[in-house]
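Asks: Okay, here's the structure, questions in a sec.
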Amino acid sequence: MNFTAVNQTDDCYYYTCPERSRSTAVYVLLCMSLTSVVLVTVCGNLLIIISVCHFKQLHTPTNMLILSLAVSDFLIGVFVMPPALLQLIESCWIFTNIFCALYLLNAYFLTSVSTYNIALIAVDRYFALSHPFLYTKTVSVSIMCIVVLCDWSVWLLYNITLQYPNLKSISMAVCSRSCVYVPNEIWSLVDLLLSFVFPLAIIIILYVQVFFIAKKHATAIRDLNSHTRTQTSKNMSDSMKSERKAAKVLGILVSVFVACLLPCVVYSVLGSVVEIEVESFQKIVLLVYLNSSINPVIYALFYPWFRRSVKFILTLQIFCTDSTLINIL
């Protein structure tokens with residue numbers, strides 16, 4: 001791919017983008033498709049944010065984690081996906097060096113937060129299923145909000161620490177056709193372990209445990225239904241069914257996330273052994289961003305409360321008096 005140098009300052013070349021080899025029709029179709037992905041990401045996650053914040057029935061500890069995930073996915077759709085997709089379309093970085101640095105900081109920070117939100121959801125479901133009485137007694141909305149705040153604060157500090165000393169290398173990367181950040185080998189290994197391997201291991205291990213616990217609950221429900229028909233046993237059965245359903249839906253959420261994250265982890269590991277093209281790696285990273293678009297679709301398919309809340313939002317019924325108390329469960 002040929003680039004034409006149009007200016008040189010401080011040993012750094014700024015390049016014009018190459019002429020597009022694709023036709024105008026294909027280019028417009030590609031732009032429309034990628035714009036649709038961004039709109040689905042932004043609007044879908046915004047609906048989740050409004051739903052959880054507005055309706056008091058949804059103010060639960062687990063939903064605070066879902067809210068945190070939706071906020072991180074929403075911000076990825078606003079600040080990360082548009083520059084990343086534009087770079088993919090144009091085959092080069094067309095913005096300034098400062099914008100590149102901010103883009104990379106947002107990308108690393110928000111994807112890390114999103115990853116650990118999924119991990120925290122796995123921990124939450126495991127705790128709720130394995131120790132239901134202790135979970136109800138100790139875990140509250142306020143405590144979960146503190147956990148979420150700590151999650152965001154730690155990863156913001158970590159990514160600022162990681163990238164601040166390397167702003168010069170980021171600037172040089174812009175001049176070589178794309179906005180990428182390649183830390184040194186030690187930082188690369190640390191970041192891989194902390195940002196991907198560790199949370200991925202937590203997610204997989206805990207959801208294997210959740211699967212077996214849910215299976216035991218299914219057996220217990222059948223025993224309750226076959227031996228007794230009292231109101232107490234019915235309430236216990238309904239509660240256990242509700243927990244199993246929540247675990248199942250969040251299991252689908254986690255499975256999709258792992259499917260989107262795993263190729264990036266494999267590429268990161270291979271990158272330390274063999275030479276990988278930057279363009280190829282950027283396309284793989286887009287899978288991680290695409291997960292932010294898929295999450296609202298999962299909620300729409302499997303959560304009746306989300307479909308009901310969307311109906312209330314789109315019909316503007318949330319502006320009615322006492323709309324926060326509407327029963328949507």
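The values are calculated or read from the model by the stated rules, or taken from the named source; none is laboratory data. Model, not experiment: these values are computed from the prediction. Backbone-built Cβ (ideal geometry, glycine too); neighbour counts: all protein chains shown.
Asks: Going by the structure shown, is Ala84 out of contact with any Lys or Arg (no Cβ under 6 Å at 6 or more places or on another chain), more than 23 Å from Leu316 (Cβ to Cβ) and in a helix (DSSP H, G or I)? Reasoning before the result, please.
Replies: Numbers: out of contact with any Lys or Arg (no Cβ under 6 Å at 6 or more places or on another chain): yes; more than 23 Å from Leu316 (Cβ to Cβ): yes; in a helix (DSSP H, G or I): yes.
Against the criterion (out of contact with any Lys or Arg (no Cβ under 6 Å at 6 or more places or on another chain), more than 23 Å from Leu316 (Cβ to Cβ) and in a helix (DSSP H, G or I)), Ala84 qualifies.
Asks: Given Ala70, Ala128, Ala101, which one is assigned to a helix (DSSP H, G or I), at pLDDT below 90, touching a helix residue (DSSP H, G or I) at 6+ places or on another chain (Cβ under 9 Å) and closer than 24 Å to Gly251 by Cα?
Replies: Numbers: Ala70 fails: at pLDDT below 90; Ala101 fails: closer than 24 Å to Gly251 by Cα.
On inspection, the qualifying residue turns out to be Ala128.
Asks: Go through Thr115, Thr62, Thr111 for me and flag whichever is in a helix (DSSP H, G or I) and surrounded by fewer than 21 Cβ atoms within 10 Å (Cβ to Cβ). Walk me through it before giving the result.
Replies: Details: Thr115 fails: surrounded by fewer than 21 Cβ atoms within 10 Å (Cβ to Cβ); Thr111 fails: surrounded by fewer than 21 Cβ atoms within 10 Å (Cβ to Cβ).
The match here is Thr62.
Asks: Still on this structure: Quick check on Ile50: is it surrounded by fewer than 18 Cβ atoms within 10 Å (Cβ to Cβ) and at pLDDT 90 or above? Lay out the reasoning, then the answer.
Replies: Values: surrounded by fewer than 18 Cβ atoms within 10 Å (Cβ to Cβ): yes; at pLDDT 90 or above: yes.
Considered against the rule, which asks whether it is surrounded by fewer than 18 Cβ atoms within 10 Å (Cβ to Cβ) and at pLDDT 90 or above, Ile50 comes out as yes.
Asks: I would also like to ask the following. List every residue pair whose Cβ atoms lie under 9 Å apart, where the two residues are 6 or more positions apart in sequence or sit on different chains, the first residue falls within the range 123-151 and is at positive phi, and the second residue, located anywhere, is at pLDDT below 90 and in a helix (DSSP H, G or I).
Replies: Close Cβ pairs (under 9 Å, with a partner that is at pLDDT below 90 and in a helix (DSSP H, G or I)) do not exist here.
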